[in-house]
């Protein structure tokens, strides 16, 4: 049954090792009526998503004021979690809002650590790792509300875009 998992391809690189997690994350995204176990897995992704907002908000002085991981309906949409801030400004809004993207290098680093001993072979613990990484892959993308918060940093975004344009013009 697990002969196909013994393939060297899965253990060739961290990206290949994470392929089952990404596929499971995509599968989870399309589950409208998931069973309880799947919902518990999805909860871990929401928890990490909101914790990254909270931690980055503390570091960037956005001053988190509240955090909720209880799903609720808001304007006809389901909000799985939220973090409130009282100190968001144009300098810290972008990094605080995009904080869930930090889950990607964390997951990649953990996959790299798993493969650090050279060529590997399948172990049953890999299934657990893939199950735990899947919701992180699913929930690492910032939400629609997060992207709206990024717009608070429009002066910084405009400055970076202008700097990039000048750099391209000088090197083009």
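The values are calculated or read from the model by the stated rules, or taken from the named source; none is laboratory data. From a predicted model like this one, the values you see are computed outputs, not experimental measurements. Quick reminder, even Gly has a Cβ in these numbers, built from the backbone with ideal geometry, and neighbours come from all protein chains shown.
Things worth noting here:
- Counted residues, region 110-136 - those being touching a residue at least 12 places away in the same chain (Cβ under 8 Å) and part of a helix (DSSP H, G or I): 13
- Of all residues in region 19-62 being outside any helix (DSSP H, G or I) and at pLDDT 90 or above, the one that is nearest to residue 102 (Cα to Cα): 60
- Residues satisfying the criterion are present in region 100-115 (criterion: loosely packed, with under 12 Cβ neighbours inside 10 Å and closer than 19 Å to residue 9 by Cα).
- If you go through region 81-99 and pick out every residue that is in contact with a strand residue (DSSP E or B) (Cβ under 6 Å, 6 or more places away or on another chain) and either in a strand (DSSP E or B) or under 17 Å from residue 155 (Cβ atoms) (or both), you end up with 4.
- Restricting attention to region 137-170, the residues that are surrounded by 12 or more Cβ atoms within 10 Å (Cβ to Cβ) and assigned to a helix (DSSP H, G or I) add up to 16.
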